[in-house]
There are 2 protein chains.
Amino acid sequence: MGKIYVVGIGPGGKEARTLEMLEAIKESDVIVAYTTYAKLIQDLTDGKEVITAKMKEEVFRAKVAIEKALQGHTVAVISSGDPQVYGMAGLIYDMACKNNVNVEIQIIPGITAANAVAAKLGSPLSMDFAVISLSDLLIPSEEILNRVRKAAEGDFVIVLYNPINKPLLLEAMRIIKEVKGIDVPVGIVKSAYREDEEIMIATLSTWEKFLNKINMITTIIVGNSKSYICNNKIITPRGYERRYDLHVIDSNS
Amino acid sequence: MGKIYVVGIGPGGKEARTLEMLEAIKESDVIVAYTTYAKLIQDLTDGKEVITAKMKEEVFRAKVAIEKALQGHTVAVISSGDPQVYGMAGLIYDMACKNNVNVEIQIIPGITAANAVAAKLGSPLSMDFAVISLSDLLIPSEEILNRVRKAAEGDFVIVLYNPINKPLLLEAMRIIKEVKGIDVPVGIVKSAYREDEEIMIATLSTWEKFLNKINMITTIIVGNSKSYICNNKIITPRGYERRYDLHVIDSNS
């Protein structure tokens, strides 16, 4: 009986690779990956069978992975970031269950864009946050926009993945601004941890000046009502300032 | 001029360490850590100055880190999981800004409990999710419960960190059940990736049988309205089933 590892490789660079991820790929004899991700781990897949596929071929990739495992192979299915967060993990479990296939599946977690991108912006993610995909390929836009509204009403920090549909993005940001009723910081990161990385800091009033920069590999983080910008970083206070005096640094120490 | 790395070490075991994290600790001459985390990375800190502190001494840890950096040291401040998600990153940025201290700060992201724990449960995190801390040490419980309600109304998968206050946890789960109006899967993981790890799968109707097991290092994930349990794993469908036929596995291939 084979096995499937569903592996998160993090944001893409080698620096976010985990020891567990390296081990899982080493142990696998078949690699199933979207073409771009296969390139990102090319240095790890020498001598293995590498099956690549285009975007939107997720069902094909999951089917191949499960069938290869049934044939006795150890298969690594590659996702960027974390394999659960809009990656291949859910689909593989779902298909294995629906087809009554008994194959061992192990998830190797990775650093998802929310955390990777937030690290580039300062510390926007230091309070409760909501992660929402703006891709309406599979989920109706009304369902997505309802979640955006509820997240804004709860004063969550909001992380928006896959802003491929510009009208939907504009409507989501309009709702957040309408609900929050105040101006809060917006961080935009394109191609995090890759060569062409771009980091943009704005607010709900000014972010649209970066609209032309936003594409599929952009992640957007909108702060909560207490987030602020200092030295071009977005900071979301954790709440210590509500109970402690934070003016305690001795600069001459 | 010194530098502060705010470093996420992931859930605790060596397997989730990233190459970037190993590099940052290697480069630092001062390590600032909560006692338990200092032990988890003991194999990496030989010959370095290690400053430990107890829980609830976060302000002290941030102060020491900033002052050491001002003295010219390279300092690694250690958080478990990701350093932004209820870790030290927000506090350090906030204090540096409030005290007008100009010191370089770099966040090294880590795998946060949401992703680490979800990997043990199947694939509960495959749709939009909300992360909420149930610690009311710094944040009023009404604010926390409002966020829980909004997350439930938005049908987010809900990840609950720090369930140290049992009455607050019971009230949060009551609200989720009331809003969702249906029974959904609940995953509970204690000490993920550590020796005494325990994984519990239940539903909103049955989870209380595990109440005595829940402590500070437990993370709870409540599925969305489409999550289901199969072979003792929680699966949240990604939405492919809305557009594609998933019964395509050839078991004899």
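One residue stands out in region B:41-70 among those that are farther than 21 Å from A:Y228 by Cβ and facing another protein chain (nearest Cβ under 7 Å): the one that is most open to solvent (accessible area, probe 1.4 Å), namely B:L70.
Of all residues being among the hydroxyl-bearing types (S, T, Y) and in a loop (DSSP other than H, G, I, E, B) in region A:44-87, which is nearest to A:V7 (Cα to Cα)? Just the residue, please.
Taking region A:44-87 first, the residues among the hydroxyl-bearing types (S, T, Y) are A:45, A:52, A:74, A:79-80, A:86.
Now narrow it down to the ones that are in a loop (DSSP other than H, G, I, E, B): A:45, A:80, A:86.
On the way: A:T45: 14, A:S80: 8, A:Y86: 13 Å.
Across region A:44-87, the extreme among qualifying residues is A:S80.
Checked against (1) assigned to a loop (DSSP other than H, G, I, E, B); (2) open to solvent by 20 Å² or more (accessible area, probe 1.4 Å), A:S126 passes all but a single condition, namely (2).
Of the residues making up region B:155-206, those that are under 20 Å from A:D128 (Cβ atoms), free of Cβ contacts under 8 Å to residues at least 60 places away in the same chain, open to solvent by 10 Å² or more (accessible area, probe 1.4 Å) and assigned to a loop (DSSP other than H, G, I, E, B) number 2. Assessment of region A:129-136 against the conditions (over 30 Å from B:M88 (Cβ atoms), of a type in the set (S, T, N, Q) and within 11 Å of another protein chain (Cβ to nearest Cβ)) yields at least one matching residue.
B:A152 - would you say it is open to solvent by less than 10 Å² (accessible area, probe 1.4 Å), in a helix (DSSP H, G or I) and over 24 Å from B:E198 (Cβ atoms)?
Numbers: open to solvent by less than 10 Å² (accessible area, probe 1.4 Å): yes; in a helix (DSSP H, G or I): yes; over 24 Å from B:E198 (Cβ atoms): yes.
Considered against the rule, which asks whether it is open to solvent by less than 10 Å² (accessible area, probe 1.4 Å), in a helix (DSSP H, G or I) and over 24 Å from B:E198 (Cβ atoms), B:A152 comes out as yes.
Scanning region B:1-52 for residues that are closer than 18 Å to B:A65 by Cα and among the acidic types (D, E) yields B:E27, B:D29, B:E49.
When region B:92-114 is limited to residues that are surrounded by fewer than 24 Cβ atoms within 10 Å (Cβ to Cβ) and more than 7 Å from chain A (Cβ to nearest Cβ), the one that is nearest to B:T18 (Cα to Cα) turns out to be B:Q106.
Is at least one residue of region A:77-91 surrounded by fewer than 23 Cβ atoms within 10 Å (Cβ to Cβ) and facing chain B (nearest Cβ under 8 Å)?
Just the residues of region A:77-91 that are surrounded by fewer than 23 Cβ atoms within 10 Å (Cβ to Cβ), to begin with: none.
Checked region A:77-91: no residue is surrounded by fewer than 23 Cβ atoms within 10 Å (Cβ to Cβ) and facing chain B (nearest Cβ under 8 Å).
Pairs meeting the criteria (first residue in region A:230-253 and more than 7 Å from chain B (Cβ to nearest Cβ), second residue open to solvent by less than 60 Å² (accessible area, probe 1.4 Å) and part of a loop (DSSP other than H, G, I, E, B), beta carbons under 8 Å, at least 6 apart or on different chains) are A:I234/A:P124; A:I234/A:G223; A:I234/A:S227. Can you tell me which residue in region B:236-245 is least open to solvent (accessible area, probe 1.4 Å), limited to those that are touching a helix residue (DSSP H, G or I) at 6+ places or on another chain (Cβ under 6 Å) and modelled with pLDDT under 90? Out of the qualifying residues, it is B:Y240. In region B:13-24, is there at least one residue being buried (at least 17 other Cβ atoms within 10 Å of the Cβ), touching a residue at least 12 places away in the same chain (Cβ under 8 Å) and more than 11 Å from every other protein chain (Cβ to nearest Cβ)? So far as region B:13-24 goes, no, none of its residues is buried (at least 17 other Cβ atoms within 10 Å of the Cβ), touching a residue at least 12 places away in the same chain (Cβ under 8 Å) and more than 11 Å from every other protein chain (Cβ to nearest Cβ).
A:V117 falls short on exactly one of the conditions (1) within 7 Å of another protein chain (Cβ to nearest Cβ); (2) within 30 Å of A:Y228 (Cβ to Cβ), and that condition is (1). If you take the residues of region B:199-229 that are more than 11 Å from chain A (Cβ to nearest Cβ) and aromatic (F, W, Y), which of them is farthest from A:I144 (Cα to Cα)? Out of the qualifying residues, it is B:F210. Going by what's in this entry, would A:S28 be described as open to solvent by less than 10 Å² (accessible area, probe 1.4 Å), more than 13 Å from every other protein chain (Cβ to nearest Cβ) and at negative phi? Yes, satisfied.
The values are calculated or read from the model by the stated rules, or taken from the named source; none is laboratory data. Bear in mind the structure is a predicted one, so any value in this text is a computation, not a measurement. Cβ: placed from backbone, ideal geometry, glycine included. Neighbour counts: every protein chain shown. Just the protein is used for accessible areas: all its heavy atoms, side chains included, with ligands, DNA and RNA removed. Shrake-Rupley method; radii C 1.70, N 1.55, O 1.52, S 1.80 Å.
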